[in-house]
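Trainee: Would you mind keeping the following structure in view while I ask a few things?
Coordinate-derived values only; no laboratory data. Quick caveat: nothing in here was measured; it's all calculated off a predicted structure. Note that each Cβ is placed from the backbone with ideal geometry, even for glycine, and that neighbours are counted across all protein chains shown.
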């Protein structure tokens, strides 16, 4: 480049590349601690109940969203659920294609007022329908580490 | 965490490492590319060639380094590239005993702002001083660039390895 030239070609424009090494840790909180420990130790879902408002929180909350009462009524919840809504995912968060499409669903846990977003398994996407009864499949006890992925997926009953 | 960990809500490193608290980790892909633009783009290309270059402002006649396309003082577009020397004067410096990610250093790094010869007074670049006794560094010290060999240069400010005191 002579002294008075501006950049004439895109190839001459320089990019500066960088990487921000960051790692986030998000603690699951007091209610989450009890919820996930129970999943890890006994493969059992827990919910909290607000008796005044007649709401069963799943996943459990420490406070009622309606009346702000502190909730200390804990309830064991069956692992049966129904598909509330679902979608089929073909790409990951970085828009790279997945090895195989995954079915993501919001399933409402029976006898609660809440539910979980999770995978559906052992089923073809064409066969999934709204309201389909499903059940949670847990990893074996030695594989569980106190995370939502201790549930492998929900499968049709 | 009170009921599950201990009597305080503050978490320690061991609570995570020893599994006393459950948590999710998140490792975002935070890579980025930043367009250097016209002025810095040319500046980096000249660094690769082993030269320092500035821009001059037609209004205040200052010679600016690092170069920019606008004078930040009078808002005029700069209009001329000005080749500069790779020597200069220490304007300010520090002795730094920790790295940016908090690793302790026995031998300090000496970051300094160096007023470049040929540029206007106060115009300088930040760099590292080398081949110098940390206690001997002083404001006003004359220094010169030590360039990496041409094949190692990438078009970066690090194409200058460091500045060292001039012999005279």
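Trainee: Take the alpha carbon atoms of the range B:113-149, find their center, do the same for the range B:37-81, and report the distance between the two centers in whole angstrom.
Mentor: First find each Cα centre; the distance between them is then 19 Å.
Trainee: With a/c under 1.5 counting as rounded, go ahead and sort chain A into rounded, prolate or oblate using the C-alpha gyration tensor (a ≥ b ≥ c being the square roots of the eigenvalues; past the cut-off, prolate if a/b is larger than b/c, else oblate).
Mentor: Prolate, since a/c reaches 1.5 and a/b exceeds b/c.
Trainee: For the protein assembly as shown, what does the helix formula give at 222 nm: sum of -39500 (n - 2.57) over DSSP H segments with n ≥ 4, over the residue count, nearest 500 deg cm²/dmol?
Mentor: -3000 deg cm²/dmol
Trainee: A follow-up question, please. Can you give the angle from 0 to 90° between the axis of helix A:29-42 and the longest principal axis of chain A, with both taken from C-alpha atoms, to the nearest 10?
Mentor: 70
Trainee: Hey, another quick one. If you count, for every residue in A:15-25, the Cβ atoms of partner chains within 10 Å of its Cβ, what is the mean?
Mentor: Partner-chain Cβ atoms within 10 Å, mean over residues of A:15-25: 6.
Trainee: Express the Stokes-Einstein translational diffusion coefficient of the range B:37-165 in µm² s⁻¹, to the nearest whole number, given a Kirkwood radius over alpha-carbon pairs, 37 °C and a viscosity of 0.692 mPa s.
Mentor: This corresponds to a translational diffusion coefficient of 213 µm²/s.
Trainee: Across peptide B:36-49, what mean number of C-beta atoms from other chains lies inside 10 Å of a residue's C-beta?
Mentor: Shielding by partners across B:36-49 averages 3.
Trainee: Round to a whole angstrom and tell me the spacing of the C-alpha centers of the range A:21-92 and the range A:124-157.
Mentor: The two parts, judged by their Cα centres, are 16 Å apart.
Trainee: What's the whole-number percent of alpha carbon pairs in the protein assembly as shown lying beyond 28 angstrom?
Mentor: Here the long-distance tail beyond 28 Å is 63 percent of all Cα pairs in the protein assembly as shown.
Trainee: Please report B:128, B:116 as a ranked list, fewest other C-beta atoms within 10 angstrom at the top and most at the bottom.
Mentor: The most exposed by this proxy come first: B:128, B:116.
Trainee: Output the 0 to 90 degree angle, nearest 10, between the alpha-carbon long axis of helix B:37-48 and the longest principal axis computed from the alpha carbons of chain B.
Mentor: Between the helix axis and the principal axis of chain B, the angle is about 80 degrees.
Trainee: Given axes a ≥ b ≥ c from the Cα gyration tensor, I'd like to know whether the range B:1-113 is rounded (a/c under 1.5), prolate (a/b larger than b/c) or oblate.
Mentor: Prolate is the answer for the range B:1-113, as a/c is 1.5 or above and a/b outweighs b/c.
Trainee: Now for a separate question. In peptide B:23-30, what is the residue-averaged number of other protein chain Cβ atoms found within 10 Å of each Cβ?
Mentor: Partner Cβ neighbours, averaged per residue: 6.
Trainee: Another one. May I ask you to sort B:139, B:114, A:30 by Cβ crowding, counting other Cβ atoms within 10 Å and putting the fewest first?
Mentor: The order, fewest Cβ neighbours first, is B:139, A:30, B:114.
Trainee: Could you list A:20, A:58 so that the one with the fewest beta carbons within 10 Å of its beta carbon is first and the one with the most is last?
Mentor: Listed from fewest to most nearby Cβ atoms, that is A:20, A:58.
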